[in-house]
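The values are calculated or read from the model by the stated rules, or taken from the named source; none is laboratory data. Since the structure is predicted, the reported quantities are computational estimates derived from the model, not experimental observations. Cβ placement follows ideal geometry from the backbone for every residue including glycine, while neighbour counts extend to all protein chains displayed. Quick note on the areas: whole protein, heavy atoms, side chains included, nothing else; ligands and nucleic acids left out. Shrake-Rupley method; radii C 1.70, N 1.55, O 1.52, S 1.80 Å.
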Amino acid sequence: MPRLRTVLVLTLLLAPLPGHAAPGADLALKVTRSGYLAAPGVSVMLYEDNFSPIFFDQKDAALQIILHGHRIATNGSVRLMPTPQQWDAIPHLIRRRANRARERLTARLSYPAYHLHYQVVVAAEPGGVRVSVNLAHPLPKALLGRAGFNLEFLPSIYMDKAYALDGKVFGVLPRYPEDRMTSVPSGLGYPGEPWYVRQWHKALGYTEPLPFAQGRRITLAPEDPLDRISIRSQSGPLLLYDGRDVAQNGWYVLRTLIPAGKTRDAVVWHIRPGNIPGWVRPPMIAHSQVGYAADLRKVAIIELDRRFQGPKRATLLRLTAGGAYRKAFTGPVSKPMRWLRYDYVKFNFTAVRQPGLYAIDYAGERTGVFPIAQDVYSNTWQTSLDGFLAEQMDHVSVRDAYHMWHGVAHMDDALQAPPNLTHFDGYWMGPNTESPYQPGEHIPGLNVGGWFDAGDFDNDAFGQYGTILNLATTYNTFHPRWDELSVNEQARQVIMHRPDGVPDLVEQVEHGVLQTLAQIHAVGHPFMGIQSPYLEGYTFIGDAASQTDGRIYDPKLAPDQIRGDDSGKPDDRWAWTMTSPKMEFGAAAALAAASRTLAHWNAALAKQCLSAAAMLWRKAEAQPDHERYRPDREGSGGFRERGLNPPRWTAAVELTLATHGASPYRKRLEMLLPAMLRRIGGGGWQAVQVLPYLSARESARVKAAVRAYVPRLNRELAATPFGVPPSLGAWGDSAQVAEFGVEMYFLHEAYPDIVGPQYTLRAANYLLGTHPVSSVSYISAIGAASKLTAYGNNRADNTFIPGGMIPGYIVIKPDFPECITHFGFLWYEDEYTVDAAATWILEANAADALVRQARAPGAGS
């Protein structure tokens, strides 16, 4: 009876719904000027984005389909496994072309190691597209049964929705993967396979899932007109897999194997996206999820489908205590501004100053409730400090009431990495270890302090330095005494929501410098980082204390043998002990800033920090100068150079502040100043932090440079609707927006007649919801609506870490901004990093300070 009921229900679902056309009806795609196929509600890209040369498969390449405002499918290409993992073989793109006369896209690709050369053709046809794979030569024997055309579908859209095959087989796409697995020959590796992939497959064995459904025609989500899509194979059968059987970040995979002996039309699919006639994307009202300061500017930005004929006015509603909404203000929206594929209008409701709870209503869309108040930013950063950064603390246990975030982690840190090796996450070793320890030898003293860098568990040098520097700058500038965290370094114990009498910023700074100083004490210098050398450890998700056994590896012991604090299990992380002047300057800057933070609370440690910073400065200064700036190589000094602050310059600034203008650092400032003033947005802004140590002539030059910079910056910012640096790279730029807000705060404090407070407040509001795609806050658990599925080290549970800040939207080339709200496995949109969180803490304190200044007696509005 249950099976019969399922069949009956799904048969009804497959019937055309009233008011909705069947998949693909009346759909006619055309090649756009931007080079992809499009029709209202549908976009089909082919290799606008390619696989990454560093991270390989990022789930944003090859054939991609955008349906009714959401990217539903990606990675449409020939692959050598049914459910490839991130580091498995990827094709090499030779070229792509868009033919507007014939309404088709083509891409030529190859797997050079296998002498496999092929072409993918995506051609418009009535109702959708025809996808074909043409081979230059018949498939090599080694790839028979392995090579096939794959297309991957987003789980967060399709899980729990129906599928139908050939009108005979029906089911529901699983929320949790539970498919039969099969072993495949151990020689599955490919020529030129990286060492870490070989080791990975050898350690875990070659296994892959079996398809959970197959047929000639499949419809996904027949019950949902927004996400419905049908695919018919003209060649071999369609095989439906669940990529999450082998990796939590996997997608559903549809696949057809390439047959032996065939070249032209080796695979042919006919894809019919669902088509809702007249569909228009609803307006998205981007606003701050924590609300707006009563006395300052209040602007929401509304993202519109270009075909949407919206009203010219929007309304602000006030929520009463009884639950009723009353009209508080109605005003015009601005003239539309085109950016990427959408139009944007602004709704300015600055005139409303009365504290209360409000919502914005526009064209039938209503936002959630947000406050207008005097203290909207004052509680936006503490969760990042005591939630996310606390959870990321390495070499300690972290507990929150009943919840144990993780046990004491990585007590076996670390083994000396061998020379002449390149790691999959960017770490590398040259011909010398730059260390007194032999390859594979345990380096004592490294199991202290530091943070897990991001969604993985590595300890990255520049991430650590940035975190220390931003936290120290926050304390040194604003002096917050917030204390809700108990940190006991001796007991290796951290407890949330338990004050211990020391400001939490101070304790976090101390925790960071303990690791940096430990590296210097161990090998004489700071180094690249500490990271698991094997994919088995790197891909680990869960309690950090379980990533390794916590016992020092002894090769003399059997793999499962334990003797005291040693074991025969080679799971210890490696210390990648390469260094450089840039790294030494970076560490010097962080330690110098930390010495000021710690001076009142731990004078001995503060003295160690400053002494180590001075030593690293001397050592780095003795090296060849890699950071000279030629005027002919400098750009506008605007936001395109942000994030490139030269470590030598930053170290000179911080050591000047820490030593009250000691001669060697001040002299270096004077030498670097002319070049840095030509790149204010690339670190030159830091000159205002050391104005007391500059001559009157130099100070005048700084002010003149800032005065010249602001008009250029304004022109660049005016090119986007949001008035902050746009995210146009391979990784979302929320951290750069926070940095922008910070630098503009310091410029405003130095020259309020030149730089207003609006830049810093605009950056804060952007991060809190006033950004493209959706209006969720990028800081998890901050604001009425925030990102609650993210790429943290608990991402396997499809959840979040309070206070972590995601990178935010990227642009799927050429024009589709994306940040998927209910999916957390795209690191370029979703991955928390410690330095990003620390930058937010600094930016939030800056925004709060500006609000307080505006409230001060005699302050203007």
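Brief remarks follow.
- Complete set of residues in segment 371-398 that are touching a Lys or Arg at 6+ places or on another chain (Cβ under 9 Å) and open to solvent by 10 Å² or more (accessible area, probe 1.4 Å): Q374, D375, S378, S397
To keep it simple, each residue is scored yes or no on (1) among the basic types (K, R); (2) modelled with pLDDT of 95 or more; (3) in a loop (DSSP other than H, G, I, E, B).
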residue: L8; (1), (2), (3): no, no, no
residue: T11; (1), (2), (3): no, no, no
residue: P18; (1), (2), (3): no, no, yes
residue: G24; (1), (2), (3): no, no, yes
residue: E48; (1), (2), (3): no, yes, yes
residue: I66; (1), (2), (3): no, yes, no
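- Residues located in segment 815-833, provided they are in contact with a strand residue (DSSP E or B) (Cβ under 8 Å, 6 or more places away or on another chain) and not hydroxyl-bearing (S, T, Y): F816, P817, E818, C819, I820, G824, F825, L826, W827, E829, D830, E831
- Summed over segment 292-323, residues that are outside any strand (DSSP E or B) and hydroxyl-bearing (S, T, Y) total 1.
- Some residue of segment 783-795 being assigned to a helix (DSSP H, G or I), without any contact (Cβ under 8 Å) to a residue 40 or more places away in the chain and surrounded by fewer than 22 Cβ atoms within 10 Å (Cβ to Cβ): no
- A854 open to solvent by less than 10 Å² (accessible area, probe 1.4 Å), assigned to a helix (DSSP H, G or I) and either hydrophobic (A, V, I, L, M, F, W, C) or closer than 30 Å to Y47 by Cα (or both): no
- Near pairs, Cβ below 7 angstrom, 6+ apart or cross-chain, from segment 457-485 (under 30 Å from L535 (Cα atoms) and in a helix (DSSP H, G or I)) to any residue that is open to solvent by 30 Å² or more (accessible area, probe 1.4 Å) and modelled with pLDDT of 95 or more: G463/D835; G466/D835; T467/D835
- H479 being on the phi > 0 side of the Ramachandran plot, open to solvent by 20 Å² or more (accessible area, probe 1.4 Å) and at pLDDT 95 or above: yes
- Cβ pairs under 7 Å, 6+ apart, first in segment 838-857 and in contact (Cβ under 8 Å) with a residue 60 or more places away in the chain, second among the small types (G, A, S) and open to solvent by 10 Å² or more (accessible area, probe 1.4 Å): A838/G466; T839/A735; D848/S378; Q853/A859; A854/S861
- One residue from G550, G564, G524, G568 being modelled with pLDDT of 95 or more and either open to solvent by less than 20 Å² (accessible area, probe 1.4 Å) or of a type in the set (F, W, Y) (or both): G568
- Which numbered condition E178 fails, given (1) open to solvent by 40 Å² or more (accessible area, probe 1.4 Å); (2) at positive phi: (2)
- The listed residues are G407, G356, and the only one of them that is touching a strand residue (DSSP E or B) at 6+ places or on another chain (Cβ under 6 Å), farther than 25 Å from T799 by Cα and surrounded by fewer than 22 Cβ atoms within 10 Å (Cβ to Cβ) turns out to be G356.
- Strands (runs of 3 or more DSSP E) (entirely within segment 225-291) containing at least 2 residues that are closer than 21 Å to V133 by Cα and in contact with a strand residue (DSSP E or B) (Cβ under 8 Å, 6 or more places away or on another chain): 229-233, 238-242, 252-257, 267-273
- Checking each residue in segment 282-300 for being among the aliphatic types (A, V, I, L, M) and open to solvent by 10 Å² or more (accessible area, probe 1.4 Å) picks out M284, I285, V290, L296, V299.
- Any hit, segment 31-39, residues being in contact with a Pro (Cβ under 7 Å, 6 or more places away or on another chain), of a type outside the set (D, E, K, R) and open to solvent by 30 Å² or more (accessible area, probe 1.4 Å): yes
- Scanning segment 80-101 for residues that are in contact with a helix residue (DSSP H, G or I) (Cβ under 8 Å, 6 or more places away or on another chain) and free of Cβ contacts under 8 Å to residues at least 40 places away in the same chain returns a single hit, H92.
- So F740, is it surrounded by fewer than 21 Cβ atoms within 10 Å (Cβ to Cβ) and in a helix (DSSP H, G or I): no
- Residues located in segment 777-788, provided they are among the hydrophobic types (A, V, I, L, M, F, W, C) and either within 9 Å of G803 (Cα to Cα) or within 15 Å of the chain's Cα centre (by Cα) (or both): I779, A781, I782, L788
- Residue count, segment 534-547 (criterion: part of a loop (DSSP other than H, G, I, E, B) and in contact with a Ser or Thr (Cβ under 8 Å, 6 or more places away or on another chain)): 2
- Evaluation of D60 against (1) in contact (Cβ under 8 Å) with a residue 24 or more places away in the chain; (2) part of a strand (DSSP E or B) (one fails), failing number: (2)
- Note on segment 709-725: among residues that are part of a loop (DSSP other than H, G, I, E, B) and open to solvent by 20 Å² or more (accessible area, probe 1.4 Å), the one that is farthest from E743 (Cα to Cα) is A719.
- The set of residues in segment 138-163 being within 16 Å of P211 (Cβ to Cβ), among the hydroxyl-bearing types (S, T, Y) and not in a strand (DSSP E or B) consists of Y158 alone.
- Being open to solvent by less than 10 Å² (accessible area, probe 1.4 Å) and either under 27 Å from the mean Cα position of the chain (by Cα) or in contact (Cβ under 8 Å) with a residue 40 or more places away in the chain (or both) is true of Q515.
- Against the numbered list (1) closer than 18 Å to K298 by Cα; (2) touching a residue at least 60 places away in the same chain (Cβ under 8 Å), Y766 comes up short only at (2).
- Flag: P499 does not match the condition of being touching a residue at least 60 places away in the same chain (Cβ under 8 Å), in a loop (DSSP other than H, G, I, E, B) and out of contact with any His (no Cβ under 6 Å at 6 or more places or on another chain).
- Where a residue in segment 111-140 is open to solvent by less than 20 Å² (accessible area, probe 1.4 Å) and its partner, wherever it lies, is hydroxyl-bearing (S, T, Y) and not in a strand (DSSP E or B), with Cβ under 7 Å and at least six apart: L135/T263
- Failed item in (1) under 29 Å from Q119 (Cβ atoms); (2) in contact with a helix residue (DSSP H, G or I) (Cβ under 7 Å, 6 or more places away or on another chain); (3) among the aliphatic types (A, V, I, L, M); (4) open to solvent by 40 Å² or more (accessible area, probe 1.4 Å), with A203 passing the rest: (1)
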